[in-house]
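Here's the structure, in structure tokens; my notes come after.
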Amino acid sequence: MAPARRTGQRVERSTLPNGLTVLSVPDPTATLVAVAVVYDVGFRTEPEGRTGFAHLFEHMMFQGSANVGKVEHIKLVESAGGLMNGTTFSEVTSYYEALPPSGLELALFLEADRMGSLAITEENLRNQVDVVKEEIRLNVLNRPYGGFPWILLPALAFDSYANSHNGYGDFSHLEHATVQDCNDFYHKYYSPSNAVLTVVGAVDPDQVTALAQRYFGAIKQRRTPKRVPSGEPPLKADRHRTVKDLMAPQPAVAVGYRSPDPVADLDRYLASCVLASLLTDGDGSRLRSRLVHRDQLVTDIGCLIGTFGSDTFYVRDPTLFQVIFHHPGVAPTEAVLRVIDEEVDRLALLGPTSEELRRVIATSTADLWRSLGSVLERARVIGSIEVVHRSGELLFELADRMQEVTGPDVAAAAADLRGQHRAVLEIQPGGS
Amino acid sequence: MAQAPSRPAIAKVTAPKRPNVVEQDLGGGLHALCVRQAALPLVEFRLAVPLAVPQIKKPASLAVLSESVMAGTEHESRLSLAQAVGGLGGHLGGYVDEDRFVLTGSVLAQNLAPFLDLVADVVSAANYPAAEVRADRGRVADEISITLSLPDVIARQALRRRLFGGHPYATEIPSPAAVRQVSASELRLLHPVLFDEGPAHLVLVGDVQPARATAMAGKALGRWIEGRTAGSRDLPPVRAPRTGPVELVGRPSSVQSNIRLGGSLPSQSSGDWPAASLALGIFGGMFSSRLILNLRERNGYTYSPRSVARHARAGSTLAIVADVATAVVAPALVEIRYELGKLVTAGITDEELELARHHAIGRFSFETATQPGLATALLDLAVNGAGPGYLSSYPKSVIALKKDDVQEAAKRYFAPSGLVTVVIGDPEVVAGSLSSLDDVVVREL
């Protein structure tokens, strides 16, 4: 049975005179309200010699503004029964909170205060540089497979600074960050016209528009930064790099291909998403059933599109189609790559069966809905998609668009992968 | 120039509306909880069986079983089963933790009936094909070798040993070698012991009519229910840990050290829990807690220090977590102990009490607002014994708490003298500074 279509998730939009885009997404079933402010800035935008700056700056947004002291933002949200966080991706940086409906005005006040008048001190900057260094030790330096593959693969698969540098940043760059750097970055990228405010949940759109005008309307308009496209041509030859990891017990491999353009060529991009699901979603998929269960060459295998996979629908320019696996080292990596090639060739030649396609689309549709369960995630994702596609509504259209993907579309996506040179990044365990 | 409006007042947080939980005894020891939550056209599914002591002590068998339970049935191969679940827009898989085995999944609401038929096939006719089990155990062993290389896992294991001593909860993640010994015939014997005896808990949350969905489950699982025998699965209670020196687990070349302190907490069915949960929030359970303001925002020692509660059937425990720069491990431990001592001796402020109260209710509302969040919360409440009434009693109790209640709970559960401490780190770098602070025993990894 085909999955039912769900309507009723409407997106109401308005734009303030200072350029801020305001989206409201009323949900009558929600008991909470979520507010997300997404800025059009991320690792790809940070200056050379300042790797990791976009993420460090995200930390500084919690360190105080004209009317809100250091950490007071968080204290106020928690006092109102809310939760909050911030995240930095290659294209977008988002700040978001979920609260009981009575906390909506407070959330808008807090977001407006830091958009309009951030207050950065030397002491707070040094403190957060220390915190970010511990975050990097925790997630990268003190654990096996740290930064695999999100830092390591782009460094091999791309050439430009924008696409290939480490988004967490080098310690030396972080240590040299100054208050002046922060103020310049803030002035350039944190203007209302470079941001999207999204409110989701138990709200009335008219009220949201009025409150947005009330709290954000006084923020002065600034120049919207010009976006520099960062797409790169296809690789001219295969690339291979081996990285030793003293802490890793097993080899791990990430294979990177160029995806279609996520914005200009969304239909082909969606066919690639369906291809990724056919290859590795669930034990019924082509590569898991063969490589994990039948041939037992790998411990685990998965595909993702984007830098992290969570960002599939808010990246710009041809990004990475990644195949990632861990294997016990019994057979060489090349043996696994041969099987992947064989299965992708088979799909390119024959396409998926209609039953297989129907199944994968049912799973992908259900997974898409699953990801929308939390109002907080929904607000963050709609705002991020709006920044990249200028259409937050697209989130609710993706399920239908995916159902239009045909067997020949998937075969073409498979043929496209096989026609490319690729980047293979290998983690070699142990100290040998 | 237009002036920005001043800060809006903070509204009083009220208890969330209680979901309408439909309970039904389906016979054979199977207890069902179902809630209509129609935000998305999906249903979340959970089926848990509490483990008995002898099963808890066989972690290698359980680890392979949680993978091989989906390896095929008398009617389906692994592949056809996976394809059938996928075709319904579903997921289904098993996992095991310290005291329960859980089948967990989700499906498009319109496909709930065929999904439950597949679940019934798995629980009553999983047949553990020998070749599949051989492959699974190798893969599980490989996955465990990766798990055991993670500092956070090493720290959790070390803390668990210190907290639980001779209790079954001290049972560790099995070694890859033990996992490689597990046989298909052993799993075929273990399966009915797990599934066909003792209590079992079913939870369905989603776009369903509860009475209909529960009847559907009763029908689909009928044959399995008929063959079940109810009964109890008691565990010895968890006792307060034996305190002692700081245990330093050596992890050479670590560039960060993992500090863990642990102790006892009241269970969710205890009258002490609401007050203890606010003390937990004030100490390290909120972002604006004392621990985070000190270690992170004042000192920059660590990224995500926190205190967390873990509820299990035999008792609840506290863990205080801080992954800190190696150079500051001793100063960070001093600050943690200082904050504990201050909480216990100097009490809390009115402002902190209100902040923690609002945060506790808000977080509880947030966690139970989604289908998977509510399903997992209901399952845990059922298995641990607090029951679904907790969904309304907890926020009500939190609203009624007085400052003295929270201070009393803080004294009872957060006194530094009652907590155990473990540190994972490079002994050559951190043993000296830790020894100047306290007695230290060093253990090999």
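B:Leu42 satisfies every condition listed in (1) under 27 Å from the mean Cα position of the chain (by Cα); (2) under 23 Å from B:Leu187 (Cα atoms); (3) surrounded by 19 or more Cβ atoms within 10 Å (Cβ to Cβ); (4) within 11 Å of chain A (Cβ to nearest Cβ) except (2). Selection of helices (runs of 4 or more DSSP H) fully inside segment A:49-118 by the criterion of at least 2 residues being over 25 Å from B:Lys12 (Cα atoms) and over 24 Å from the mean Cα position of the chain (by Cα) returns nothing. The residues on offer are A:Thr15, A:Thr31, A:Thr21, A:Thr51, and the sole one that is polar (S, T, N, Q) and more than 30 Å from A:Arg401 (Cα to Cα) is A:Thr51. Selection of segment A:410-432 for residues being surrounded by 20 or more Cβ atoms within 10 Å (Cβ to Cβ) and in a helix (DSSP H, G or I) yields A:Val410, A:Ala413, A:Ala414, A:Asp416, A:Leu417. Tallying residues that are at pLDDT 95 or above, over 28 Å from the mean Cα position of the chain (by Cα) and surrounded by 14 or more Cβ atoms within 10 Å (Cβ to Cβ) within segment B:335-347 yields 1.
Is it the case that B:Val423 is part of a strand (DSSP E or B), in contact (Cβ under 8 Å) with a residue 12 or more places away in the chain and over 23 Å from the mean Cα position of the chain (by Cα)? No.
Selection over segment B:305-331 of residues that are surrounded by fewer than 23 Cβ atoms within 10 Å (Cβ to Cβ), under 27 Å from the mean Cα position of the chain (by Cα) and aliphatic (A, V, I, L, M) gives a count of 6. Looking across segment B:206-228, the residues that are outside any helix (DSSP H, G or I) and within 16 Å of B:Val119 (Cα to Cα) come down to B:Leu221, B:Gly227, B:Arg228. Filter segment B:361-379 down to residues that are among the polar types (S, T, N, Q) and over 20 Å from B:Ile399 (Cα atoms) and give me whichever is farthest from the other protein chains (Cβ to nearest Cβ). Among residues in segment B:361-379 that are among the polar types (S, T, N, Q) and over 20 Å from B:Ile399 (Cα atoms), the one farthest from the other protein chains (Cβ to nearest Cβ) is B:Thr376. Listed by position, the strands (runs of 3 or more DSSP E) enclosed by segment B:1-72 that each have at least 1 residues that are touching a Cys at 6+ places or on another chain (Cβ under 7 Å) are B:22-27. Out of the residues in segment B:271-291 meeting the condition of being of a type in the set (S, T, N, Q) and within 14 Å of chain A (Cβ to nearest Cβ), tell me which one is surrounded by the fewest Cβ atoms within 10 Å (Cβ to Cβ). Here the residue is B:Ser288.
Total residues in segment A:314-343 satisfying the condition of being out of contact with any strand residue (DSSP E or B) (no Cβ under 9 Å at 6 or more places or on another chain) and either closer than 30 Å to A:Ser230 by Cα or touching a residue at least 60 places away in the same chain (Cβ under 8 Å) (or both): the figure is 5. Within the option set B:Ile361, B:Ile336, B:Ile348, being assigned to a loop (DSSP other than H, G, I, E, B) and in contact (Cβ under 8 Å) with a residue 12 or more places away in the chain holds for one residue only, B:Ile348.
Checked against (1) within 30 Å of B:Ala410 (Cβ to Cβ); (2) among the β-branched types (Val, Ile, Thr); (3) in the same structural domain as B:Val119 (by TED's automatic domain parsing), B:Val238 passes all but condition (3). Among the residues of segment A:114-128, the one identified as facing chain B (nearest Cβ under 7 Å) and within 23 Å of B:Pro8 (Cα to Cα) is A:Gly116.
Candidates in segment B:300-316 are the residues that are under 17 Å from B:Asp152 (Cα atoms) and in a strand (DSSP E or B); of these, the one that is farthest from the other protein chains (Cβ to nearest Cβ) is B:Arg310.
Screening B:Ala82, B:Ala32, B:Ala52, B:Ala11 for residues that are more than 14 Å from every other protein chain (Cβ to nearest Cβ) and either without any contact (Cβ under 8 Å) to a residue 60 or more places away in the chain or crowded, with 23+ Cβ neighbours inside 10 Å (or both) leaves exactly one candidate, B:Ala32.
On the given criteria, is B:Ala211 assigned by TED's automatic domain parsing to the domain that holds B:Val107, at negative phi, in contact (Cβ under 8 Å) with a residue 40 or more places away in the chain and in contact with an Asp or Glu (Cβ under 9 Å, 6 or more places away or on another chain)? Considered against the rule, which asks whether it is assigned by TED's automatic domain parsing to the domain that holds B:Val107, at negative phi, in contact (Cβ under 8 Å) with a residue 40 or more places away in the chain and in contact with an Asp or Glu (Cβ under 9 Å, 6 or more places away or on another chain), B:Ala211 comes out as no. Of the numbered criteria (1) farther than 30 Å from A:Ala423 by Cβ; (2) buried (at least 20 other Cβ atoms within 10 Å of the Cβ), the one A:Ser193 fails is (2). When segment B:246-270 is filtered for residues that are more than 10 Å from chain A (Cβ to nearest Cβ), farther than 15 Å from B:Thr421 by Cβ and surrounded by 24 or more Cβ atoms within 10 Å (Cβ to Cβ), only B:Leu265 remains. If the condition is being away from chain A (no Cβ under 12 Å) and surrounded by fewer than 21 Cβ atoms within 10 Å (Cβ to Cβ), then segment B:119-155 contributes B:Ala120, B:Asp121, B:Ala125, B:Asn127, B:Ala130. For segment B:378-390, indicate whether the set of residues that are surrounded by fewer than 20 Cβ atoms within 10 Å (Cβ to Cβ), among the hydrophobic types (A, V, I, L, M, F, W, C) and within 20 Å of the chain's Cα centre (by Cα) is non-empty. There is at least one residue in segment B:378-390 that is surrounded by fewer than 20 Cβ atoms within 10 Å (Cβ to Cβ), among the hydrophobic types (A, V, I, L, M, F, W, C) and within 20 Å of the chain's Cα centre (by Cα). Let me spell it out: the conditions are (1) within 15 Å of A:Val38 (Cα to Cα); (2) touching a Gly at 6+ places or on another chain (Cβ under 7 Å); (3) surrounded by 19 or more Cβ atoms within 10 Å (Cβ to Cβ); (4) of a type outside the set (Gly, Ala, Ser), and A:Val200 meets all of them except one. Which number is the exception? The single condition A:Val200 does not satisfy is (2).
Across segment A:77-98, the qualifying residues are those that are more than 7 Å from chain B (Cβ to nearest Cβ) and hydrophobic (A, V, I, L, M, F, W, C), and the one among them that is nearest to A:Gly306 (Cα to Cα) is A:Phe89. Residues that are touching a residue at least 40 places away in the same chain (Cβ under 8 Å), part of a loop (DSSP other than H, G, I, E, B) and more than 14 Å from chain B (Cβ to nearest Cβ) do occur in segment A:371-393, at least one of them.
Residue-by-condition table, conditions (1) more than 27 Å from A:Arg241 (Cβ to Cβ); (2) in contact (Cβ under 8 Å) with a residue 60 or more places away in the chain; (3) under 17 Å from the mean Cα position of the chain (by Cα); (4) not in a loop (DSSP other than H, G, I, E, B):
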position	(1), (2), (3), (4)
A:Gly256	no, yes, yes, yes
A:Val263	yes, yes, yes, no
A:Tyr269	no, no, yes, yes
A:Ser277	yes, yes, no, yes
A:Gln296	no, no, no, no
A:Cys303	no, no, yes, yes
A:Gly309	no, no, yes, no
A:Thr312	no, no, yes, no
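The values are calculated or read from the model by the stated rules, or taken from the named source; none is laboratory data. These numbers come from a predicted model, not from an experiment. Glycine gets a Cβ as well: all are built from the backbone with ideal geometry, and neighbour counts include every protein chain shown.
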